[in-house]
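Beneath this line is the structure, given in structure tokens, with notes to follow.
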Amino acid sequence: MFSEKMLATKATITLAILSAFYLPQAMARPLANEAGWGLTLNINGGFSQSQSQMKTDDDNEITVDLNNSGQQVNSGIIFPLARLSYTFEDLKTQLFAGNSLENVSQGQFQLELGATHQFSDTSKLTLAWFPRLPSFSKTWQDPYVVNQSRQKTDQDSQGARLAWENIGGSLFSFKYGFAKNQLDNETSGTALALANEQKRLLDRNANYHRTTLEMLVPMGNGLFFEPALTYTLGDATGQAMSYDEYGTRLSLIKIMDKHRITGNVFYSQARYDVSNPIFNRTRQDDKWGLFAFYSYKAPLGWQNASFTLFGAWANTDSNIQFYESDMLSVAAGMAYTF
């Protein structure tokens, strides 16, 4: 849910696309225009360039040493998204299933089931759960294999989230998420003949906790400013994989007639608990990212449709080169709401 491996290309792409769907809902009252069923379908396509040792692409299957950040991988990307909802007659309670902004922004694509209720003071409470779906995500069994093919393994997650938005009618929102991450075959360090105690320090099975405090500030003429502070606790079985991460995000949102533009920049620092037995140092990561997003409603007069376009970039600068990563993506899509 919050692991570095999961903050991949599709996560950033889908965050931007889903922002187009749900930002209007977050600002508007009530939850929907009318009671009953609603369905949003979206098809996206584009280009991705990434470099990370954790990317399980065939071009990245072999690493010649542990002092590099992996092979650069270029690829085309095509993926669908969907969200089904049911809004009750009072327009204050909504059930939903499918992809959601909160889930995807943390790098998850599992089916999410949940409910949102809006109170009389305009605050909203959302509770949601995403189940474990086997074979949904892949990682390396042992990322530290050198000059040989690395073997893939399934990486499964399940968890829940809570979001309390516009608390007491204010500009502030509080969010909390929990995820349990499990690898079918975790063999980190085996290829290096580490002692059992050292291999246990590298165990990536983990529980993740994230808290977020946000503030949505209207600035007039359809312009909104949204700063946010985040804290993530990665409580892994291996202490060398456990960390505390503090971050900030700044967003500007402009809505004008059929047009919507979003600019977003984020920064975070992750500090790990103990020294990594392979590199003999305690890992420290600095993460940067940004994206620009544009959407246009009812293109060519197609009602309930939207055209979307964006560019995204994310970078991790680590004191251990093996864990550094870089990603750049551009994509366009069409969405339709029933």
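The values are calculated or read from the model by the stated rules, or taken from the named source; none is laboratory data. Quantities reported herein were computed from a predicted structural model and do not represent experimental measurements. In this analysis, Cβ positions are derived from the backbone assuming ideal geometry, glycine residues included, and neighbour counts consider all displayed protein chains.
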- What about Arg271, is it within 17 Å of the chain's Cα centre (by Cα), under 20 Å from Gly289 (Cα atoms) and either at pLDDT below 95 or surrounded by fewer than 18 Cβ atoms within 10 Å (Cβ to Cβ) (or both)? no
- Note on the structure: Here the residues within the stretch 314-338 that are among the hydroxyl-bearing types (Ser, Thr, Tyr) and surrounded by 18 or more Cβ atoms within 10 Å (Cβ to Cβ) are Thr316, Ser318, Tyr323, Ser325, Ser329
- Item | Extreme residue, modelled with the lowest pLDDT, among residues of the stretch 189-207 that are surrounded by 16 or more Cβ atoms within 10 Å (Cβ to Cβ) and part of a loop (DSSP other than H, G, I, E, B) | Leu194
- Select from the stretch 259-278 the residues that are free of Cβ contacts under 8 Å to residues at least 24 places away in the same chain and of a type in the set (A, V, I, L, M) and list them in ascending order. none
- Message: Restricting to the stretch 139-152, and then to whatever is part of a strand (DSSP E or B) and surrounded by 17 or more Cβ atoms within 10 Å (Cβ to Cβ), can you tell me which residue is nearest to the chain's Cα centre (by Cα)?
- Response: Thr139
- Hey, which of the strands (runs of 3 or more DSSP E) in the stretch 208-280, taking only ones fully inside, have at least 3 residues that are among the polar types (S, T, N, Q)? 259-276
- Task: Spot the failing condition for Leu233; the list is (1) among the aliphatic types (A, V, I, L, M); (2) closer than 30 Å to Ile43 by Cα; (3) without any contact (Cβ under 8 Å) to a residue 40 or more places away in the chain, and only one is missed.
- Result: (2)
- Working only within the stretch 47-98, note down all residues that are outside any strand (DSSP E or B) and over 29 Å from Met327 (Cα atoms). Phe88, Glu89, Asp90, Leu91, Lys92
